[in-house]
Structures are given as C-alpha cells and as structure tokens.
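Heads up: the structure comes next, in structure tokens.
The values are calculated or read from the model by the stated rules, or taken from the named source; none is laboratory data. Note that the coordinates shown come from a computational prediction; the quantities given were computed from them, not determined experimentally. Reconstructed Cβ throughout: ideal geometry from the backbone, glycine too, with neighbour counts over all protein chains shown.
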C-alpha cells in the first residue's frame, strides 16, 4: 500500500508542477484559467487520496466546497470571456 501512496503522490506532484508551469507561461487568460482548474482538480484529488488512505471522511465537506468554487469560477470566467469577445470590433 505504501508503494501505491508514493506513486500517487509523485504523479499528483508532477501534475501540479505542470499546471503551475502553464499558469505562469500561458499565452492567454483562458489558458491560465484552464491550468488553474487543472491545479484545483489536482488539489482535490490529493485531498481525496489522503482521505482514502487514512480512512477519514472529515475532508469530504472541504472537497465539496472546493468543487463548487472551481465550477463557479470557471463558469464566471467563461461568461466574462464570451461577453468581452462580443464587444470586440
């Protein structure tokens, strides 16, 4: 079980680093927003993995709140981006 936990931790760390690179180097705001959503998904996966590994369900409300915040954030940025593109000449 320890090998699985270490493997998952390494994979989530690599995914988080790659998402951070895209946030920093993203050519547009939408690319940065997608990378931020991926980073949030990696954080949610890490919390869920830790909760499953320790067999403790107290982190479930935190996961729900993070998921709702991620969804509302991505929807609001998408609406802002489409609204600003309509106003361009």
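The figures follow:
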read-out	value
Region 51-65, subset free of Cβ contacts under 8 Å to residues at least 40 places away in the same chain and touching a helix residue (DSSP H, G or I) at 6+ places or on another chain (Cβ under 9 Å), residue nearest to residue 19 (Cα to Cα)	63
Residue among 62, 34 that is surrounded by 12 or more Cβ atoms within 10 Å (Cβ to Cβ) and at pLDDT below 90	34
All positions within region 68-83 that are under 14 Å from residue 30 (Cα atoms) and out of contact with any helix residue (DSSP H, G or I) (no Cβ under 7 Å at 6 or more places or on another chain)	73, 75, 76, 78, 79, 80, 82, 83
Flag if residue 42 is loosely packed, with under 13 Cβ neighbours inside 10 Å and touching a residue at least 12 places away in the same chain (Cβ under 8 Å)	no
Tally of residues being more than 21 Å from residue 72 (Cβ to Cβ) and crowded, with 16+ Cβ neighbours inside 10 Å across region 17-31	1
